[in-house]
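Asker: Okay, here's the structure, questions in a sec.
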Amino acid sequence: MGYIHTNMDKNSIKEYINSLESDRKDPIIELINIIEENIPRGFEKIMNYGMPSFVVPHSIYPNGYHCDATLPLPFIGVSNLKSSISLYHMGLYADSELLTWFESEYSKHSNTKLNMGKSCIRFKKFNEIPYKLIGFLSTKMTVKDWINIYEKNIKK
């Protein structure tokens with residue numbers, strides 16, 4: 001949709017995907033694709049914190065991430081962990097209304113119990129990933145919305 005990416009980042013993401021076990025490649029590719037198809041304009045797709053990520057680039061938010069200002073402001077990341085595939089959505093951590101919406105919708109889209117930390121949704125059954133719900137979730141926050149919530153609720 002409206003995301004930005006560079007060739008270097010595309011190659012890094014391809015390398016990341018190519019390094020995955022075969023049973024994890026398709027679900028991770030599908031998660032990245034569903035986010036890419038639905039995320040509002042302005043987010044950039046890059047490798048960030050060792051995973052394919054959608055971030056607010058420095059060109060839009062020069063301050064960067066408060067933990068390390070040299071990094072862009074993170075928003076969504078997809079990661080391969082030992083026992084799961086994880087989706088990190090910082091908006092769920094920072095916006096209680098969005099979290100409540102997601103928790104109420106999850107059971108309508110998946111037969112598995114929601115396995116979640118503060119911003120991390122863990123998928124252990126790869127054939128039960130609710131891609132449609134992740135697509136809806138990806139539409140719920142614009143770059144401007146995320147920056148405003150981040151500055152109000154997270155950045156100290």
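Asker: If contacts are Cα pairs under 8 angstrom and at least 6 residues apart, what is the relative contact order of the chain in percent?
Answerer: 23
Asker: Moving to a separate point now. Starting from the Cα gyration tensor of the chain, multiply each eigenvalue by 5, take the square root, and state the resulting semi-axes largest first in whole Å.
Answerer: 23, 20, 13
Asker: Need one number: nm distance between label points at K152 and D68, each 7 Å from Cα along Cα→Cβ, rounded to one decimal.
Answerer: 2.9
Asker: If each DSSP helix of 4+ residues adds -39,500 (n - 2.57) and the sum is divided by the residues in the chain, what number results at 222 nm, nearest 500 deg cm²/dmol?
Answerer: -13500 deg cm²/dmol
Asker: Rounded to the nearest whole Å², what accessible area per residue is found for the chain with the 1.4 Å probe?
Answerer: 52
Asker: Tell me the carbon and sulfur percent of the accessible area for segment 1-110, rounded to whole percent, probe radius 1.4 Å.
Answerer: 49
Asker: Moving to a separate point now. Charges at C-beta only: +1 for Lys and Arg, -1 for Asp and Glu. How large is the resulting dipole of segment 18-83 about its Cα centre, in Debye rounded to 20?
Answerer: 140
The values are calculated or read from the model by the stated rules, or taken from the named source; none is laboratory data. Worth saying up front: this structure is predicted, and the values here are computed from it rather than measured. Positions of Cβ are generated from backbone atoms using ideal geometry, with glycine treated the same way; all protein chains shown enter the neighbour counts. Please note that ligands, DNA and RNA were not included when accessible areas were found on the heavy atoms of the full protein model with its side chains. Shrake-Rupley method; radii C 1.70, N 1.55, O 1.52, S 1.80 Å.
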